[in-house]
Amino acid sequence: MAQAPAPPASPDPSPAGAPDRPPTTRGARPGRWSGRLAAGTAGLASAALALGTGELVAGIDDRLRSPVEAVASEVIDRAPRPVERFAIETFGTNDKLALVIGVVTLSGVLGVALGLLARRRRWVGTAGMAAFGLVGVLASRGSPTAPAAAAVPSVVAAVVGAVALRVLVPAPEAPVALPPSALTRGGMGSRRAFLGLTAAVAASAGLAAAGGRALRSRFSAAESRANVVLPRPARPLPPVPPTVEAGVDGIAPFVTSNGDFYRVDTALIVPQVRAEDWTLSVTGMVADPFELTFAELADLDVVEADITMTCVSNQVGGDLVGNARWLGVLTRDLLDRARPRRGADQLVGRSTDGYTCGFPIDAAYDRPCLVAIGMNGEPLPLRHGFPARLVTPGLYGYVGSTKWLTELEVTTFDAFDQYWVPRGYAERAPIKTMARIDTPRSLERVAAGEVVVGGVAWAQTRGIRAVEVRIDDGDFEPAELADELAAETWRQWRYVWQATPGRHDVTVRAVDGTGETQVEERVEPLPDGATGWMSLAVSVT
């Protein structure tokens, strides 16, 4: 019997010569957003490694500057007044930490952007990292005294960042050699490989940054400070008597501890100056310029002085004010040795980091202006100017209290503008009379009956004659004053109020030693200090 013919073979649906393709599965190909996420993550890791490398290289030598430090310092120097005011009002003494966090965060955002751009055009990522480094280089060389080597960390950081970006982000034309089921990320063969390498890069960034900080600790002046033995003044002041305290819980202590004393300055990183290496030069319009070492300065006649200092940025009711017992050499003694020339009217203090302040030379003679080396019985803390600083009572800190002092220049106001004057601050800035309520706090709930209101008032060099308190729209009544220690210090006060239930406004004002009442009009701190009466609301139950 004849066999039936075999059925015809099914036609091959693939075009001739087409390669075999494995069956597709859902999620086998990387989607658009997963690719972007990978590229952005790669850019972020590359930026982190660049910054960490910059920190590590900067730790090799104290002449080098990390990109973060350099850029943040330039921001401090160039920030417009409204930005600077916002930073101080919002972050207070944490303004520098907030700035560093901001620079790091912005760098991360730029890194993500470069990663996304490099996914399409690799040269954009490389160029972006180069620009990243250039910003650091320019910032590192911002100061005329900055050595060329200061920019090395920024250059190395840019190179490392560019290389990391090229490794982690794939070339757009690179073929995929693996099966589609293996997701490709950043040129790596798999998701696991990409995540592993990215994590390694991020960890390396953290270790590099930590290593850089550890290396920089070698340049600390802490050991030098620990070895300083302060000289004893020929006429030491008696201990602060208890009668300067009003005896009210909640009022700031009469003597502010070194740890609690406010810090506002332009130094992003606290200068590390060893007492053994420090010198003070007295220069300018003087007949006999000279230079002193720390040991020579400490060997001169030293005095103690109780002085309250205030920052020009202090708002009405603010806490950028503190009182301490300072030890140092009278500035007028140093000027007398140098013999200022006729016509000189400004004394400029220069810091080791290039900062300058300037104030009338008369203020070095009519008050206890000090080149201070001690604070509350200890060598100056590093963050408060060790080895030496200026302390000028009655003037806001930005004009009369240079930290990390290294030079006193006798000059004129016509010839030189100190750091803040070109930035819109007043040339001369005597401290204004101010009273502050420390207790009760604003919106605090208190029980009806006897409520003790208390706080501090200051008018350095003039002293405080009276403090007056007003409840709601009533008359001002005198508060009880604690004893005055010196005209250069603040004064505590208390007021006993028979409080009735309800919401009440408490207002305070001070009268200085000349009889002038504190200005009522509310004015912002800049350019020469805030004015206005402090008032707060209290809820009585």
Worksheet item: Within the bounds of the range 282-303, is there any residue that is in contact with a helix residue (DSSP H, G or I) (Cβ under 8 Å, 6 or more places away or on another chain) and closer than 30 Å to VAL523 by Cα?
Response: no
Item to complete: Can you run down the residue pairs with Cβ atoms below 6 Å, 6 or more apart or on separate chains, where the first is in the range 260-274 and touching a residue at least 40 places away in the same chain (Cβ under 8 Å) and the partner is of a type in the set (Asp, Glu) and assigned to a loop (DSSP other than H, G, I, E, B)?
Response: ALA267/ASP353; PRO271/ASP353
Worksheet item: Within the group PRO393, PRO430, PRO440, which residue is within 18 Å of TRP493 (Cβ to Cβ) and at pLDDT 95 or above?
Response: PRO440
Response to the item:
For PHE254, the lone unmet condition from (1) buried (at least 16 other Cβ atoms within 10 Å of the Cβ); (2) closer than 28 Å to ALA98 by Cβ; (3) touching a helix residue (DSSP H, G or I) at 6+ places or on another chain (Cβ under 9 Å) is (2)
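Residue-by-condition table, conditions (1) part of a loop (DSSP other than H, G, I, E, B); (2) within 30 Å of GLU296 (Cβ to Cβ); (3) out of contact with any strand residue (DSSP E or B) (no Cβ under 9 Å at 6 or more places or on another chain):
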| site | (1), (2), (3) |
| --- | --- |
| ALA372 | no, yes, no |
| VAL399 | no, yes, no |
| THR402 | yes, yes, no |
| THR406 | no, yes, no |
| VAL410 | no, yes, no |
| ALA426 | yes, no, yes |
| ARG436 | no, no, no |
| ARG441 | yes, no, no |
Discussion item. Filter the range 360-370 down to the residues that are crowded, with 24+ Cβ neighbours inside 10 Å and in a strand (DSSP E or B) and list them by number.
Written reply: LEU370
Worksheet item: Do any strands (runs of 3 or more DSSP E) entirely within the range 258-359 hold 1 or more residues that are under 27 Å from PHE416 (Cβ atoms) and among the polar types (S, T, N, Q), and if so, which?
Response: 279-284, 290-293, 303-310, 346-351
Worksheet item: Filtering the range 412-423 down to residues that are within 20 Å of the chain's Cα centre (by Cα) and in a loop (DSSP other than H, G, I, E, B), which residue is farthest from TYR262 (Cα to Cα)?
Response: GLN418
Worksheet item: For the range 499-527, what are the residues that are modelled with pLDDT under 95 and crowded, with 19+ Cβ neighbours inside 10 Å?
Response: PRO525, LEU526
Worksheet entry | Residue among SER154, SER140, SER107 that alone is crowded, with 20+ Cβ neighbours inside 10 Å, modelled with pLDDT of 90 or more and closer than 14 Å to LEU64 by Cα | SER154
Worksheet item: Could you say whether any residue in the range 172-193 is at pLDDT 80 or above, surrounded by 22 or more Cβ atoms within 10 Å (Cβ to Cβ) and of a type outside the set (Lys, Arg)?
Response: no
Worksheet item: Right, SER34: modelled with pLDDT under 90 and not hydrophobic (A, V, I, L, M, F, W, C) or not?
Response: yes
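The values are calculated or read from the model by the stated rules, or taken from the named source; none is laboratory data. Predicted, not measured: the structure shown is a model, and the values here were computed from it. Here the Cβ is made from the backbone with ideal geometry for all residues, glycine too, and neighbour counts use every protein chain on show.
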